[in-house]
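**Student:** Quick one: this structure, given as structure tokens, is what I'll be asking you about.
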């Protein structure tokens with residue numbers, strides 16, 4: 001049996017090996033990193049350009065939108081970085097690599113997480129952190145201990161929410177190898193969409209990201225709390241604090257789906 | 001000429017094989033298009049205009065540029081770089097026709113596919129969700145067609161340059177990603193360059209990248225008419241010629257470096 005401690009040590013050893021191998025090509029690594037940074041910061045630059053012309057977006061200032069943007073970006077970047085192997089999970093199934101995972105004396109999920117780690121995704125994390133930091137310095141948030149807790153918990157919950165979606169996307173591959181594309185809308189698309197105040201979208205889309213795929217709890221609702229705003233759609237004030245609960249529920253759901261998928265898995269036999 | 005027509009046709013047919021991938025990409029492009037349009041509409045609603053774009057024009061602009069993503073391969077295109085890394089480039093080079101023209105024909109075929117099966121459906125989604133402002137006269141449609149061909153040519157020549165740099169460096173793709181990210185912004189994909197602060201706008205307008213996204217989108221919107229239209233198309237054409245010449249020059253330099261290992 002593996003104690004959490006040995007698993008932790010093992011995790012860092014396996015990830016460390018990946019990091020070392022990726023650092024072998026230093027110029028490539030740096031270029032990739034800067035490239036990922038530039039490609040992701042452009043969305044924010046575009047918003048900033050619009051704000052130079054018009055000071056408010058649906059009643060939100062640039063700093064407030066930056067807060068939304070930064071929170072979503074950091075949460076998503078963390079999830080994306082730690083679960084790179086889930087991105088290519090369809091090839092695991094198609095090539096039969098998953099058989100190898102199952103035959104080893106360690107949890108399948110743990111192994112998949114350590115199969116692939118992309119350091120260059122630090123590029124997205126860097127730009128997210130930068131925008132979040134800008135938002136926090138630029139905004140006058142009237143800090144209190146509870147707000148600090150809400151921010152940290154929201155980032156952690158956002159990470160869990162995005163990770164759970166990535167896991168469920170990978171689970172789809174147990175049924176159909178082409179299922180992977182569908183999750184991109186919720187991850188990359190969701191991150192893009194929730195970077196802006198939800199007021200600007202039609203009701204069905206807003207309901208969808210609040211009640212079905214609960215991305216609104218990654219940044220929108222906690223941000224309402226941080227900014228002392230009430231929900232423009234009339235949900236009670238405590239809804240703004242539901243992020244950790246939503247994250248836990250979603251993680252349980254993802255875990256159940258994963259277990260079901262692994263149990264159902266039949267090798268392609270190739 | 002017949003040869004190039006066949007090459008383009010094959011490139012078109014090759015794409016036909018990836019129906020599911022195209023559908024998935026279409027859904028993703030359309031979703032991002034929806035969000036971009038919603039942001040612009042929210043910004044501009046009831047506030048007149050920015051730099052001559054009212055809400056409907058800005059929203060149409062975002063759908064048109066969104067429709068162009070695959071046509072001018074804004075997310076990157078590394079087909080030649082791949083052949084250089086694998087060595088397959090040698091077989092393409094030894095074929096009895098001009099290398100640059102061969103790839104240009106291939107790219108027209110690829111772009112034609114994405115015009116029909118990606119750009120048009122995306123514009124249709126934009127029309128159904130927001131209602132676009134379409135070109136109103138046959139002349140505008142003709143100008144748009146010409147502008148698109150030139151945009152594809154400029155984009156191709158630029159991508160060719162990035163790809164061929166792989167003859168010198170193993171990091172061509174890394175450099176390329178960086179370059180693509182910058183041109184997304186300076187080409188007016190994210191927001192029209194006319195929204196930029198004046199110094200940045202003037203810089204962007206002096207660079208070739210506006211010929212890839214900004215110009216065709218403005219032609220679509222009929223923002224440029226008469227003499228201004230002719231001058232916009234002429235600038236696109238000049239960039240196309242200049243970059244193709246550069247591509248040709250770089251290729252000639254690269255040819256001095258190619259050493260085929262007998263295998």
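The values are calculated or read from the model by the stated rules, or taken from the named source; none is laboratory data. Because the structure is a prediction, the values reported are computed rather than measured. All Cβ positions, glycine included, derive from the backbone under ideal geometry; neighbour counts span all protein chains shown.
**Student:** Just for helices (runs of 4 or more DSSP H) wholly inside the range A:1-101: which have at least 2 residues that are within 30 Å of residue B:185 (Cα to Cα) and either touching a residue at least 24 places away in the same chain (Cβ under 8 Å) or in contact with a strand residue (DSSP E or B) (Cβ under 9 Å, 6 or more places away or on another chain) (or both)?
**Tutor:** Here the list reads A:26-53, A:62-82, A:84-87.
**Student:** Of all residues in the range B:50-101, which are assigned to a helix (DSSP H, G or I), without any contact (Cβ under 8 Å) to a residue 60 or more places away in the chain and touching a helix residue (DSSP H, G or I) at 6+ places or on another chain (Cβ under 7 Å)?
**Tutor:** Across the range B:50-101, the qualifying residues are B:55, B:62, B:67, B:83, B:92.
**Student:** Please specify each residue of the range A:102-116 satisfying the condition of being part of a loop (DSSP other than H, G, I, E, B) and either surrounded by 12 or more Cβ atoms within 10 Å (Cβ to Cβ) or in contact with a strand residue (DSSP E or B) (Cβ under 8 Å, 6 or more places away or on another chain) (or both).
**Tutor:** A:106, A:107, A:116
**Student:** Output yes when any residue across the range B:241-257 is under 19 Å from residue B:119 (Cβ atoms), away from chain A (no Cβ under 14 Å) and touching a residue at least 12 places away in the same chain (Cβ under 8 Å), and no when none is.
**Tutor:** no
**Student:** Scan the range B:133-142 and tell me whether some residue there is at pLDDT 95 or above and under 25 Å from residue A:50 (Cβ atoms).
**Tutor:** yes
**Student:** Just to verify a result, which residue in the range B:160-172, among those that are buried (at least 20 other Cβ atoms within 10 Å of the Cβ) and within 22 Å of residue B:213 (Cα to Cα), is nearest to the other protein chains (Cβ to nearest Cβ)?
**Tutor:** Residue satisfying both the conditions and the ranking: B:162.
**Student:** Do we find a residue being within 14 Å of chain A (Cβ to nearest Cβ), under 15 Å from the mean Cα position of the chain (by Cα) and in contact (Cβ under 8 Å) with a residue 24 or more places away in the chain anywhere in the range B:200-211?
**Tutor:** yes
**Student:** Let me ask something additional. Name every residue in the range A:235-248 that is surrounded by 14 or more Cβ atoms within 10 Å (Cβ to Cβ), part of a helix (DSSP H, G or I) and over 16 Å from the mean Cα position of the chain (by Cα), in order of residue number.
**Tutor:** A:239, A:240, A:241
**Student:** Out of B:51, B:73, B:21, B:17, which single residue is at positive phi and surrounded by fewer than 17 Cβ atoms within 10 Å (Cβ to Cβ)?
**Tutor:** Only one candidate passes the filter, namely B:51.
**Student:** Find the residue count for the range B:19-33, including only residues that are within 14 Å of residue A:201 (Cβ to Cβ) and more than 8 Å from every other protein chain (Cβ to nearest Cβ).
**Tutor:** Qualifying residue count, the range B:19-33: 1.
**Student:** Which of the numbered conditions does residue B:47 fail, given that it passes all the others? Conditions: (1) within 10 Å of another protein chain (Cβ to nearest Cβ); (2) assigned to a helix (DSSP H, G or I).
**Tutor:** With respect to (1) within 10 Å of another protein chain (Cβ to nearest Cβ); (2) assigned to a helix (DSSP H, G or I), residue B:47 is out only on (2).
**Student:** In the range B:173-211, which residue that is part of a loop (DSSP other than H, G, I, E, B) and surrounded by 23 or more Cβ atoms within 10 Å (Cβ to Cβ) is modelled with the lowest pLDDT?
**Tutor:** Among residues in the range B:173-211 that are part of a loop (DSSP other than H, G, I, E, B) and surrounded by 23 or more Cβ atoms within 10 Å (Cβ to Cβ), the one modelled with the lowest pLDDT is B:191.
**Student:** Under the condition of being within 7 Å of another protein chain (Cβ to nearest Cβ) and buried (at least 16 other Cβ atoms within 10 Å of the Cβ), which residue from the range A:16-41 is farthest from the chain's Cα centre (by Cα)?
**Tutor:** So the residue we want is A:28.
**Student:** Quick one: is residue A:166 touching a helix residue (DSSP H, G or I) at 6+ places or on another chain (Cβ under 9 Å) and free of Cβ contacts under 8 Å to residues at least 60 places away in the same chain?
**Tutor:** No: the conditions fail for residue A:166.
**Student:** Considering each of A:64, A:80 in turn, give the residue that is buried (at least 18 other Cβ atoms within 10 Å of the Cβ), under 19 Å from the mean Cα position of the chain (by Cα) and at pLDDT 85 or above.
**Tutor:** A:80
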